[in-house]
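The block underneath contains the structure these notes are about, expressed in structure tokens.
The values are calculated or read from the model by the stated rules, or taken from the named source; none is laboratory data. On a predicted model such as this, the values are computed, not experimentally measured, just so you know. We place every Cβ from the backbone using ideal geometry, glycine too, and count neighbours over all the protein chains shown.
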Amino acid sequence: MGSGAEVRIDPLGPEGERAAAGMLARAFLDNPVNRAVIRGGPHRRLRANTYGMHASLRASRRFSHRRVLVEVPESVRESSPSAALVAMNPGGYPVAPPPIGVQLRCLWGQGLGVMRRFGTLYRRLDERHPKSPHAYLALLATHPNRRGRGYGRALLSGWLRDVDALGVESYLETDRRELLAFYQSAGFEVASEIRAFDIPIWCMQRPARSSQSAVQGDPGAGA
């Protein structure tokens, strides 16, 4: 990590979900799929993202590897984690929906059209999802003001050490071409490419292994 800041990686518990959802909403704000699904200006996308991320984090409490990276002392954090990773352990995908109250709040915050388009996206992605036991990287992102410090690399490396200890393959999707080399440096390769809302999405897999090679670079925005 090149910033010189002292950092720590903590489990993400229920009490930290609101702050993590806000950070993730900003990190994914300008991703191509996010723009295509939510549409409208940045304020609308941020609002819809925040409700959607909160619902996703609420749903991911079981069968998940959830970590946040924070800068210390806490005054540096500006009440937000600097980076976050959420991954499903083998058997954790597909994730059960969050409680109905959380779904209704998400509907109110996003609107019916956005939720329908996200549903279409998820069904499209599910068609390519591996059927064999695997670990699934659902979310990886760094706060927009703290990119380039190696925080994403640190979270990814920690998760992959756990994956390698389980001896299973891992899987992710990304709609950002510039992240392909980053994930390839961690052992992922493009398994297939799909299009959703005319946006290319790369599905990447990493074979099971017993040890993990170094991860180079920092993904910055969301996977």
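Numbers for the structure displayed
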read-out: Leading residue by the ranking (surrounded by the most Cβ atoms within 10 Å (Cβ to Cβ)) among those in segment 29-51 that are hydrophobic (A, V, I, L, M, F, W, C) and in contact with a strand residue (DSSP E or B) (Cβ under 6 Å, 6 or more places away or on another chain); value: Val33
read-out: Search result, residues across segment 1-57 that are touching a Lys or Arg at 6+ places or on another chain (Cβ under 7 Å) and of a type in the set (S, T, N, Q); value: Ser3, Asn31, Asn34
read-out: Residues located in segment 17-34, provided they are touching a residue at least 40 places away in the same chain (Cβ under 8 Å) and under 9 Å from Leu57 (Cβ atoms); value: Glu17, Ala20, Leu24
read-out: Looking only at segment 169-223, and only at residues there that are of a type in the set (Asp, Glu) and closer than 26 Å to Ala25 by Cβ, the one that is modelled with the lowest pLDDT; value: Asp218
read-out: Residue within segment 92-115 that is of a type in the set (S, T, N, Q) and surrounded by 18 or more Cβ atoms within 10 Å (Cβ to Cβ) present; value: yes
read-out: In segment 138-168, the residues that are farther than 22 Å from Arg26 by Cβ and crowded, with 18+ Cβ neighbours inside 10 Å; value: Leu160, Val163, Asp164, Val168
